[in-house]
Every structure is written in structure tokens, then in C-alpha cells.
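Note sheet for the following structure.
The values are calculated or read from the model by the stated rules, or taken from the named source; none is laboratory data. Remember, it's a predicted structure, so these values are computed and weren't measured experimentally. Here the Cβ positions follow ideal geometry from the backbone for every residue, glycine too, while neighbour counts run over all protein chains shown.
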Amino acid sequence: MANFIKSGNPNQAHSVSRVAFSEAALPLWHAFQSHPEGDSYMEVEPGLSNHRGLRRAQCSFWADYVPSLTASIGGYKSKLKIR
């Protein structure tokens with residue numbers, strides 16, 4: 001886990017690692033390629049593939065509706081105080 005946090009590659013050798021792995025025994029860990037629109041994710045499975053649009057339909061409320069609602073009310077601020 002520490003190798004992944006430090007380098008983004010869990011299979012990268014680390015100088016203080018107590019466990020030595022054979023390079024041949026570990027899967028190739030491709031670099032994550034993010035998309036300019038920011039909806040990329042890496043599926044951690046045997047193929048380690050990059051995808052786009054994880055749960056897009058379930059997230060559409062936050063990704064589509066809330067920004068348009070915020071834009072439509074402009075600079076309106078509520079006078080109600082939240083305690």
C-alpha cells in the first residue's frame with residue numbers, strides 16, 4: 001500500500017520494503033490516464049483498465065442539476081440562519 005501511495009504503482013520496488021517480489025509475478029500497472037472532463041476511473045481488476053463515466057446516471061443530480069440550479073439563482077443568498 002505504501003508503494004502505491006508514494007508512486008501510484010503498487011508494484012514499484014521500494015528501498016525500505018521488507019518483501020521482495022519477482023517482477024514476473026506482478027501484473028503490469030499502467031499509468032492512470034485522466035480525461036479532461038474529469039470523469040475517469042481505473043477499474044482495479046486483473047486487466048487494470050481505465051474507463052469513463054462511473055455511475056454517471058446516479059451522479060447526474062450533482063453533476064448536471066445542481067450546477068444549473070445554482071447558476072439559475074445567480075447571487076441570491078438566503079436570509080435564513082442555520083443553527
Residue within the stretch 25-37 that is in a loop (DSSP other than H, G, I, E, B), modelled with pLDDT under 70 and in contact with a helix residue (DSSP H, G or I) (Cβ under 9 Å, 6 or more places away or on another chain) present: no
Selected residue [modelled with pLDDT of 80 or more and hydroxyl-bearing (Ser, Thr, Tyr)] from Ser60, Ser15: Ser60
